[in-house]
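The values are calculated or read from the model by the stated rules, or taken from the named source; none is laboratory data. A quick note: this is a predicted structure, and the numbers were derived from the prediction, not measured. Positions of Cβ are generated from backbone atoms using ideal geometry, with glycine treated the same way; all protein chains shown enter the neighbour counts.
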Amino acid sequence: MAASWPPTVPQSAVLESYVHVPVRNVERFEPDSGPPIERRTASVACASLSFDTMMTTGQLADLRRFYLSTLQDGVLPFDRVDPVGGETIRCKFADVYAPRRVAPDRWRVGLSFLVLP
């Protein structure tokens, strides 16, 4: 059972920051002669999801606690709502969250996930 995204941490994406693309599920081999050869590496592919969201200092603290404690430094999977599609998706952090302070109690936080099948 995966953890759930904390209800106190926003799930919405900042306009024009949302990027959701499939991860290339192909292995490529270039022989000495002839065209390159490609094959699928797995029967189910993942996707990459990244976006920015706005948070207060308290929400950022909740995210930090979730990342460090609940997800054990971001290695465990979790369930959250897709900010565009609205469905529940299972994710893992692809990279550490990246907060940038934009006002005294406002942070623009970059999030990057691997969406699991």
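Condition (residue is assigned to a helix (DSSP H, G or I), in contact (Cβ under 8 Å) with a residue 60 or more places away in the chain, β-branched (Val, Ile, Thr) and in contact with a strand residue (DSSP E or B) (Cβ under 8 Å, 6 or more places away or on another chain)) applied to region 47-64: is it met by at least one residue? No, that holds for no residue. Regarding residue 66, is this residue over 21 Å from the mean Cα position of the chain (by Cα) and aromatic (Phe, Trp, Tyr)? So residue 66 does not fit the description; no. If the condition is being of a type outside the set (Gly, Ala, Ser) and in contact with a helix residue (DSSP H, G or I) (Cβ under 8 Å, 6 or more places away or on another chain), then region 60-95 contributes 73, 76, 78, 93. Among the conditions (1) surrounded by 14 or more Cβ atoms within 10 Å (Cβ to Cβ); (2) in a strand (DSSP E or B), the only one that residue 21 does not satisfy is (1).
Taking residues in region 68-84 that are touching a residue at least 40 places away in the same chain (Cβ under 8 Å), and partners anywhere that are small (Gly, Ala, Ser), the pairs with Cβ atoms closer than 6 Å and at least 6 places apart or on different chains are 70/3; 77/2; 78/2; 78/3; 79/2; 79/4; 83/12; 83/13.
Identify the residue in region 84-102 that is more than 10 Å from the chain's Cα centre (by Cα) and at pLDDT 95 or above and, among all such residues, is surrounded by the most Cβ atoms within 10 Å (Cβ to Cβ). In this case the residue turns out to be 99.
Only residues that are out of contact with any Pro (no Cβ under 9 Å at 6 or more places or on another chain) and touching a residue at least 24 places away in the same chain (Cβ under 8 Å): list them for region 21-46, please. Listed by number, the residues that qualify are 21, 22, 23.
Here residue 73 meets the list (1) part of a loop (DSSP other than H, G, I, E, B); (2) modelled with pLDDT under 95; (3) among the charged types (D, E, K, R) almost entirely, failing just condition (2). Can you confirm whether residue 61 is farther than 20 Å from residue 109 by Cα, surrounded by 13 or more Cβ atoms within 10 Å (Cβ to Cβ) and of a type in the set (Gly, Ala, Ser)? In short, no. Would you be able to say whether some residue in region 41-56 is over 21 Å from the mean Cα position of the chain (by Cα) and surrounded by 10 or more Cβ atoms within 10 Å (Cβ to Cβ)? Yes, that holds for at least one residue.
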